[in-house]
Each structure stands twice: as C-alpha cells, then as structure tokens.
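Reading through the structure tokens given below for one structure.
The values are calculated or read from the model by the stated rules, or taken from the named source; none is laboratory data. If you're wondering where the values come from, they're calculated on a predicted model, not measured in any experiment. Positions of Cβ are backbone-derived with ideal geometry, glycine not excepted, and every protein chain shown enters the neighbour counts. Each accessible area value is taken on the protein alone, full model and side chains, heavy atoms only, with ligands, DNA and RNA left out. Shrake-Rupley method; radii C 1.70, N 1.55, O 1.52, S 1.80 Å.
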Amino acid sequence: MSEWIEWAKLGAGVLGAGFVATLAKLYHQRILAGKDTELRIKEAELARVRADLAKSEQRLRHADQDASPEARDLARLREQLTERVERVARAMDAQAASLYVPIYPAREDEGEFPRGFAFVAVYNADAAAAAAILRMKLVEAWTIVGECWSKGVAIGDNRLQANARHVASYDQQSGFTPVHTLVAPLHARHRQVGVIQLFNKTVAGSQDVIDPEGFDAEDRRRLSELLEDGDGGLAAKADAFLSHRDCARALGLQGEIDLENAAVLYVDLTRSSSLFDELPLVDATRLIGRFTEHVYQRIGPYSAVIERFSGDGTLARFHYGGNHDSAVASPALRAVCAAAELLADFRDFKRLHWKSLAAEAADAVRLRVSITLGPLISTNIGPRQFQVPTVMGPCVNRAAKLIAHAPRDRDVLLVDDNVRKALLQADRGHAAALRDFADWSDPQAAQSASLRGHRYYEVGIDPFRLAAAQLRLQPRAH
C-alpha cells in the first residue's frame, strides 16, 4: 500500500510539473504574442510617420514650383529687403536692424492709424535672435516705431530701456537687449511706406563692443544718405512689398490683422456674497444690478466697450483712437480715469443706492479694479448654433488674475507695466501716482503663468480724477 502511495505522489509531481510547465509556456507565448502585436503596431505607426515625413519633404521640395508667380516674387522681394537691411546695419555699425511696414485692420482703410507694424526684414548679429524676432510678427502701434510713423521724422534714443515706449517683453522673447536705437521713416511716392530701426551702435570694426556714446547727429545724416540711394533703395522695395495684395499672407498675418491693442478693465466686488447673507435673493440681485448699471454709466463716457457682465464683475475694453499721441486717444489714460471715478464714488454709491443693506454689511463690500494693456481679439465663440461675443488675449487673462490676487480688505486700483508706459507717454507726471505693488493675497501670485514677466503698480486716484475732468471737456475718441 505504501508503495502505491509513493507512486501516486511521484505521478502527481510529474503531472503538476507538466501542468506548471504548460502554463508557463502558454504565458510565455501570450507575452510574445502581445509583444509581437505591439511591435507590429509600432512599426505601422513608424511607417505612417515616415510616409507623412516624406510627403512633407516632398511638399517643401516643390513649394517653390507650386507657389504662384506673385508669391515667388514677394519671397524674392523679401530676401532683397533683408539683404538691404543687413547692408544698412553694417554700414551704420549697428548690431541689429528691423524693417517694418504698417498693418491696418481688415475693416479699416489706410486713412486710419496702423493697427501695428509688421516685421518684413530683420538683421541681427545673433541669428537665433533674428529668427525669434521674425516669429513675433508685429510690434504695437504705441511703441517707438509708432511714434516715428506718427511724427514722420527720425528719432534717436540712447537709453532705450528707460523709454516709456519700449516693450521689455520683446527683449525676453528675442534674447536680444537693445541699448541704443535710431528709427527713421521710409518715404516712397510722397508717402510713408515703412520704418527702419537700428539697435546698439558698436565701435567701428567690432560687432561685440557697444559704443558708449550711442547714435549721434552724424549717424542720422549717414542713415538719411543711405535711405536716399540712387536706385530707389529700401523705400521703393518696401513700397512694392506693401502694395502687393498678398503682402499680409506672405508675412503670415491672417488672424493677426484682426488683433487690436487695447486696455482691459476688470471691475470686481469683493465680499459681495454678504449681500445674499443679509438680504433675500431677489433683493440682493437687485443691488448688484444697480451696481452694474452704475459701472456702465460711469465708464461709458470714456469710450469704453462693455465686453461682458459676469455676476458682480464687469469686463470692459478701451481701444485706441486715431491719433495715438493725444490724451483722448490713450486707452490706458481713459481706463484709469474711469476707474479712479468708480473708486472715488463707491462709498457714496453704496450710501445712495444700497439703502436696504445695513451700513456695516455695505462697508464690508470692497471694490477692486485691474487694468492691463496688450493685443487682444474680439470674436464670437461657441457652437455654430449659439455664439456669443467675447474678447481674448493674454492681457485679459492678466487682468482677471490680477483681480483674483488683489487685496480684499480695501478698495484698490492695480495696473500692469504696459499701462504705466502708456500713461507716461501721455504725461510723465503720472508716474508719481503709481507705486510698486507687493500686497499680494498669495506671495507666489506674481510668478503664476498669467502674471509673470510683468511688473504691477497700485494707483493713487486723485491725480486721475483731475485728468478725468479735463478729458470730459475734450472730443471723444472713436
């Protein structure tokens, strides 16, 4: 009997081992099959990527042949302009130079001030910087380029970083730091057709050593001679490029033409939820409705466009007028004046229009206003069946984020560095009313994605209340 048991144990062991081996083999085959399937899938994906790459390379090889004769002409003309810009820069011992042509919104004629100025040609001693600059496509109309266009004369500045019209974010994008600049208009057929801008005069014979004296009167004379060379030169070719119907397409400016440089004002009631704690829903909603009506009445006279009301918040846009150098045309000044009046009147508004609310509860509600300046687009958004107008752009995000991290215990008006620069263009005395802002509700807020790269200021409202009274006496900007 014991012998039979031993044989049974031996047989069970053999069978168990065989079963385990069979399972192991099946598992191994399954793994191999899975790996093989994954390999075939990846090979198929790789084959598709290679096919797509081959198609792209083929399109690139035949792009020149497939392009229309007009497109090829524009491409050659742009190459010639780039060569001439480099020639001028080297002749002027400049580290960099840019050539711009004016760009107008699609719905406006050329009698209006340009929406901005497009890079047609760029030279930079650093090739990577030149490529980054071209990717920016446009500079704003309120910059020193726009000032040159508006005045129609050459402008020099050897302290460019301190110039209120200089945009520091451009330097961050390009990796190039301009110190000196010399800007001159280009004229062809008795009209302005472009602007050339030189950067960083260097010591003769060296592209690395910056001349501490910068550009001088002799440089202006030399640049004038270079722009008036005998064969028509830079201005004539810039005119030919600008006059072509496809110039915007050649510059990669389709959607950019619809962009607008504007000031964005965001108004927010802080602790407004206390209204709903103190009053029935209908009554609290009515009080907020009165406030939004008050906002509309106050900022309307400053040529503001109300973009949307959202709860107790209001988003408004202030656009440029025709003459960028007039106070009325400055969207930043109009926005700050409107905000100053809102803050100055807020206590009286609550006393007169929120009588049903207890004084203590009304006093707890504070008014926060932020103003930013930059390119944005007004468009319709939503499914085709239901679209609503809206406005989008980094400056819109910046205004909203600035409000979110503003102090909650007091009425406050905050602006970004772009607004500060625009205010200084209208009157340098405005700088005395601005002080660096550091009272963030979150110490890390300034480094958030929407806010970093800019400086922020709190505004003392009294000087702008005086400016508001003067603005109301002037013709309105349209």
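Using a probe of 1.4 Å, the accessible surface attributed to Asp73 totals some 80 Å² when neighbouring protein chains are kept in position.
If you sort Glu79, Glu260 by accessible surface, 1.4 Å probe, largest first, the order is Glu79, Glu260. Return the tail of the calculated pair distribution for the stretch 406-448, meaning the percent of Cα-Cα pairs more than 14 Å apart. Taking all Cα-Cα pairs of the stretch 406-448, the fraction more than 14 Å apart is 55 percent. Entry note: the stretch 332-445 has Rg to Rh equal to 1.04, where both radii use alpha-carbon atoms and Rh is the Kirkwood radius. The residues of the stretch 113-167 present an accessible area of 33 Å² per residue when probed at 1.4 Å with all protein chains retained. Computed from the Cα positions only, the extents of the stretch 233-385 along the three principal axes stand at 73, 41, 19 Å, in decreasing order. For the peptides 173-182, 288-297, the ranking by mean Cβ contacts within 10 Å, running from highest to lowest, is 173-182, 288-297. Sorting Asp126, Asp246 on solvent-accessible area from highest to lowest, probe radius 1.4 Å, gives Asp126, Asp246. Of the solvent-accessible surface of the stretch 172-273, computed with a 1.4 Å probe over protein heavy atoms with every protein chain present, carbon and sulfur atoms account for 49 percent. The ratio of the alpha-carbon radius of gyration of the stretch 146-247 to the globular-protein estimate 2.2 N^0.38 Å is 1.17.
Calculated on the alpha-carbon coordinates, the convex hull of the stretch 197-298 measures out at 300 cubic angstrom per residue.
Averaged over its residues, the stretch 324-453 has an accessible area of 45 Å² per residue, based on protein heavy atoms and a 1.4 Å probe.
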